[in-house]
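Visitor: Can you keep this structure in mind? I'll have questions shortly.
Just so you know, all these numbers are worked out from the coordinates, no wet-lab data involved. Remember, predicted model here, so these are calculated numbers, not experimental data. Methodologically, a virtual Cβ is constructed for each residue, glycine included, from the backbone with ideal geometry; neighbour enumeration extends over all protein chains shown.
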Amino acid sequence: MGSDGKIFSFGNNFFTGQIPTENPLHKRAFQDPSAALRVASNTLQLDVNTASASAQAVPDAVETFKLTGTTGTAKEPEARLVYLVKGDGSLVLTWRLETKLSNHWLLTYVDSNSETVHGVVNWVQEATYEV
C-alpha cells in the first residue's frame, strides 16, 4: 500500500478454476528441464551456455532438478515442475527455472511441453542513490 493509502500492487497464488483431470498416478508428460533452460536462455538472450547442461534430481525434493554443466551463471540453475495460472485463468504445467546471473536473479516459467515462456520475474531491482 502506498503512503496515500491506495493499493499499488496485488497478487495471490490461489487457483479457483478447473482442476486438471489428469490421473496423478500416471506420469505427466514433460520435456527435460535442461531443454527448458535452453529455451529460456535463447528467448531472453541470456549469456548462459547451455550446450552441456544436464539435469540432476535433487534428493528428497519432488520434481526438482539442479542443472549442471552450464556456464555464465553465478550458481547452478534449478528447475521445478509447477503449475502456473495463465492470464485466462487456466493452468499450464511449466518448468520454474531459477537462474542466478551476476547481475540478475530470474524466475522463468517455461511450458513443460513447448518452447513457450509464460512468465519471467527478475528479483533484482536496479537503483541509483546519491549520498
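Visitor: Two decimals is fine: what is log10 I(q)/I(0) at q = 0.16, 0.19, 0.22 Å⁻¹ for the chain, from a Debye sum with one equal scatterer on every Cα and no solvent?
Guide: Cα-only, vacuum Debye calculation for the chain: -0.88, -1.11, -1.33.
Visitor: Another question, if that's okay. Size of the dipole of the chain about the Cα centre, Lys and Arg at +1 and Asp and Glu at -1 on the beta carbon, nothing else charged, in debye to 20?
Guide: 220 debye
Visitor: So what is the relative contact order for the chain, in percent, with contacts set as C-alpha pairs under 8 Å and at least six apart?
Guide: 17 percent
Visitor: With label points built 7 Å along Cα→Cβ from the Cα atoms of W123 and Q45, find their separation and express it in nm.
Guide: 2.6 nm
Visitor: Right, another one. If you stretched the chain out fully between T71 and H104, how much longer would it get, using 0.36 nm times the residue separation minus the C-alpha to C-alpha distance?
Guide: 10.4 nm
Visitor: Shape of region 71-131 from its Cα gyration tensor (a ≥ b ≥ c, root eigenvalues): rounded if a/c is under 1.5, otherwise prolate when a/b > b/c, or oblate?
Guide: oblate
Visitor: To continue, here is another question. Near L107, within a Cβ-to-Cβ distance under 11 Å, what is the net charge of the other residues, with Lys and Arg +1 and Asp and Glu -1?
Guide: Local charge sum for L107: +1.
Visitor: Specify whether the C-alpha gyration tensor of region 46-106 places it in the rounded, prolate or oblate class, a ≥ b ≥ c being the square roots of the eigenvalues: rounded for a/c under 1.5, otherwise prolate if a/b is larger than b/c and oblate if not.
Guide: Cα axes put region 46-106 in the oblate bin.
Visitor: What net charge is computed for the residues neighbouring V48, neighbours being all others with C-beta under 15 Å from the C-beta of V48, Lys and Arg scored +1, Asp and Glu -1?
Guide: Around V48, the surrounding residues sum to 0.
Visitor: If each of Y83 and D32 carries a label point 7 Å out from its Cα toward its Cβ, how far apart are those two points in nm?
Guide: 2.8 nm
Visitor: Would you mind computing, in nm to one decimal, how far apart the modelled labels at K6 and V62 are, each placed 7 Å from Cα along Cα→Cβ?
Guide: 4.2 nm
Visitor: Could you sort 76-87, 32-43 so that the peptide with the highest average Cβ count within 10 Å comes first and the rest follow in order?
Guide: 32-43, 76-87
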